[in-house]
Amino acid sequence: MLSFRILHKDPNSLGREGVITTSRGLIKTPVFMPVGTAGTVKAVPHEFLEEMNTPIILGNTYHLYLRPGTGIIEKFGGLHNFISWNRPILTDSGGFQVFSHRKLRKLNENGVEFKSHLDGSTHFLSPEKSIEIQEILGSDIIMAFDECTPYPVSKPEAEDSMLLSMRWAQRCSESWKNRNSQTLFGIVQGGMFVDLRKQSIEKLEEIDLPGMALGGFSVGEPKNIMYEILEELGGYLPVEKPHYLMGVGTPVDIVQSVLRGIDMFDCVLPTRNARNGMLFTWNGPVRIKNAIHSMDDSPLDPKCGCPVCSRYSRAYLRHLFISGEILSYTLNSIHNLHFYSALMAKIRENIKAGTLNRFSQKLLESYQEEI
RNA sequence: GGAGGGGUGGCAGAGUGGUCAAAUGCAACGGGCUGUAAACCCGUCGACGUUACGUCUACGUAGGUUCGAAUCCUACCCCCUCCA
């Protein structure tokens, strides 16, 4: 069971501040959900996620199904018990792997045959199978199995793909059994075509799932296309349901999307970039391996209250990264996730205060991006 | 004292007459990463000219052979191994 309540609306935009209630805890929105594909937010112990008030993390159906396999997770009574995380979990359906592993799979009306990237074995994922796996995982929010459309695609291709995803969403809904303990979100597709996207929203509204996700963005399209489409879709999404923009994004992407009515985000960026030495600060990105930091005894971000910034110098963080020390990945990830967590808290405060536009402007200056 | 092996770009290490400003790895420097096949990937890396490209200086030192030398010859300097 999941309920969504909007507490405040930004007077100057479609931004909303609210709360999602699940049986495993509250989720203040707008929220950023760290990605923990294989049952771990890479390099970060759960304790740190809890300390920085991470309300919910992601898991991935495809990856967990391949390894460790549903048998093991079922024996533990679900993913929460297996990984020892008792806050909410959202699992992606495997739809993103239809995109990211597109050279290793064959798609037909019934579903997708994947050739495992681990051992070459073949596995068939259908809407029903994805839901069945997600029921075994026991995640609080489960996602419809969709085809994440690549970019670029022609309009007919985008339409076919969207209609397929909508038929699959219907099948997901029909096979969704644990309606009391798990909540199913539908996923809007339609490539970069606004009319297809609107059509997709309408079809999902007919199925009437409790949450509305937008998929198929940040797949290589030019920077501003997504903002423009969100702009058009903002007023079109069902107001009373949470809006989840999948796989997005940069700090600027997130604020820009909140302004256009998005409530939920996930992205590998803070964790992957952390492991690759790119750190987010309130003054913009820092590439910690750059020579300029080699003697710098100041903290990564003096405005950041995270355990890393309160204790370690830039010079030390650089040394750890350059040396390939394991601790580097952990400290960098903790910092970046803390930054994202603080970013979302600020976004919520600014919605309450009606100052989200000003906040957005400030962030743009730090990240020197153009809208 | 005798016998043998070797000195190549920051390091390791290929190359043994022209296609060599010199493979490859590491280091260094810069960049990328958006529902995670990512502790990954890409670029630069002798100097000078913005770049295509050109010029110059370079494979221990000094000479030589050759149209042409990191590669062949001579001398010298240094290092390593084995034997006494």
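The values are calculated or read from the model by the stated rules, or taken from the named source; none is laboratory data. Note that the coordinates shown come from a computational prediction; the quantities given were computed from them, not determined experimentally. With ideal geometry, Cβ positions are generated from the backbone for all residues, glycine too; neighbour counts draw on all protein chains shown. The protein model used for the area step is the full one, side chains on, heavy atoms only, and it has no ligands, DNA or RNA in it. Shrake-Rupley method; radii C 1.70, N 1.55, O 1.52, S 1.80 Å.
Worth pointing out:
- Test for A:Asp263: is it of a type outside the set (Ser, Thr, Tyr) and more than 29 Å from A:Thr21 (Cα to Cα): no
- Cβ-Cβ contacts under 6 Å between residues 6 or more apart (or on different chains), taken from a first residue in segment A:38-51 that is within 12 Å of RNA strand B (Cβ to nearest atom) to a second residue that is open to solvent by less than 40 Å² (accessible area, probe 1.4 Å) and polar (S, T, N, Q), are listed as A:Lys42/A:Thr271; A:Ala43/A:Thr330; A:Ala43/A:Ser333; A:Val44/A:Ser333.
- The residues of segment A:4-21 that are open to solvent by 20 Å² or more (accessible area, probe 1.4 Å) and not in a loop (DSSP other than H, G, I, E, B), listed by number, are A:Phe4, A:Arg5, A:Ile6, A:Leu7, A:His8, A:Lys9, A:Thr21.
- Conditions (1) more than 23 Å from A:Thr330 (Cβ to Cβ); (2) open to solvent by 10 Å² or more (accessible area, probe 1.4 Å): number failed by A:Glu51: (1)
- Picking from residues in segment A:256-279 that are β-branched (Val, Ile, Thr) and closer than 23 Å to A:Gly186 by Cα, the one that is nearest to the chain's Cα centre (by Cα) is A:Val268.
- The residue list A:Arg67, A:Arg102 contains one member that is more than 28 Å from A:Leu337 (Cβ to Cβ), of a type in the set (Lys, Arg) and touching a residue at least 40 places away in the same chain (Cβ under 8 Å), which is A:Arg102.
- The condition of being on the phi < 0 side of the Ramachandran plot, within 11 Å of RNA strand B (Cβ to nearest atom) and either in contact with a Cys (Cβ under 6 Å, 6 or more places away or on another chain) or not in a loop (DSSP other than H, G, I, E, B) (or both) holds for only one of A:Ile187, A:Ile131, that being A:Ile187.
- Matching option when the condition is touching a residue at least 60 places away in the same chain (Cβ under 8 Å) and out of contact with any Leu (no Cβ under 8 Å at 6 or more places or on another chain), among A:Ser181, A:Ser218: A:Ser181
- Criterion (aliphatic (A, V, I, L, M), more than 18 Å from A:Gln256 (Cβ to Cβ) and open to solvent by less than 40 Å² (accessible area, probe 1.4 Å)) met by exactly one of A:Leu320, A:Leu356: A:Leu320
- Residue within segment A:112-126 that is within 17 Å of the chain's Cα centre (by Cα), touching a residue at least 60 places away in the same chain (Cβ under 8 Å) and surrounded by 19 or more Cβ atoms within 10 Å (Cβ to Cβ) present: no
- Residue ID - nearest to RNA strand B (Cβ to nearest atom), chosen from residues in segment A:57-109 that are open to solvent by 80 Å² or more (accessible area, probe 1.4 Å) and within 17 Å of A:Thr149 (Cα to Cα): A:Phe96
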